[in-house]
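Derivation of every value follows stated rules applied to the coordinates shown; laboratory data play no part. A quick note: this is a predicted structure, and the numbers were derived from the prediction, not measured. We place every Cβ from the backbone using ideal geometry, glycine too, and count neighbours over all the protein chains shown.
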Amino acid sequence: MSTTEKAITQTIYWINKVVIGCNFCPFAAKVINDNKVKYSVEESNNPSLCLDYFSNELLFLDANSSIETSFLIFTNAFKNFDEYLQFVSKAESLLKKNKYSGIYQVASFHPNYLFADSKEEDAENYTNRSIYPMVHLLRESSIDKAVEFYTNTHSIPEKNIAFAKQKGELYMKMLRDSCFNI
């Protein structure tokens with residue numbers, strides 16, 4: 001299995017086991033089951049090339065309306081969480097600059113994800129701790145449709161945090177880390 005195939009396989013496993021399995025995103029299962037997700041890997045560790053990759057993914061989504069969401073997986077870049085946050089900020093600026101606000105939305109995931117005002121060992125960080133640095137591009141129109149069918153969407157983050165805290169940091173870490181073993 002190539003490095004790219006392995007990263008995609010592990011990411012799919014993480015989405016199924018953690019994101020869907022813990023119900024962190026109640027919309028995820030339908031999109032996955034409907035095969036409306038694209039996974040791609042950027043192996044460069046150059047932030048500029050990664051931003052170009054992000055930009056190209058926007059063009060891909062523009063041209064492929066059947067894909068509702070895309071995971072951009074960075075296997076060699078952004079090992080440092082602060083560097084990753086700088087990249088996400090630049091990606092969001094690129095969305096605005098290219099008039100994609102209201103069309104696409106960026107969700108961020110990183111192995112060392114740390115919510116503001118949380119401690120590194122806080123279990124709730126695992127709601128966004130992935131196995132690789134990645135960005136998740138979502139169509140706003142898809143989010144709007146999903147929200148119509150799911151009530152109390154504003155409570156999702158609170159439920160996720162409560163679930164992670166109840167399970168504890170050790171459980172959440174073991175669950176996430178098990179995704180490397182496939």
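Based on every Cα atom in segment 1-43, Rg and the maximum pairwise Cα distance Dmax equal 11.1, 31 Å. Here are some pairs, Lys38/Lys119; Lys30/Lys145; Lys6/Lys173; Lys30/Lys96; Lys90/Lys165; which of them have Cα atoms lying more than 22 Å apart in this structure? Exceeds cut-off: Lys38/Lys119; Lys30/Lys96; Lys90/Lys165. Peptide packing for 3-12, 66-75 was compared via the average number of neighbouring C-beta atoms within 10 Å per residue; ordered from the highest value, the list is 66-75, 3-12.
Averaging Cα coordinates gives a centre for segment 69-92 and one for segment 128-182; these two points are 17 Å apart. Binning the C-alpha pair distances of segment 3-177 at 10 Å intervals from 0 yields a P(r) profile of 9, 38, 40, 13, 0 %, listed from the shortest bin outward. Extending 7 Å from Cα along the Cβ direction at Asn98 and again at Met1 yields two label points whose distance is 3.0 nm. On the beta carbon distance between Gln166 and Asn33, with R0 = 30 Å, the FRET formula returns roughly 0.65.
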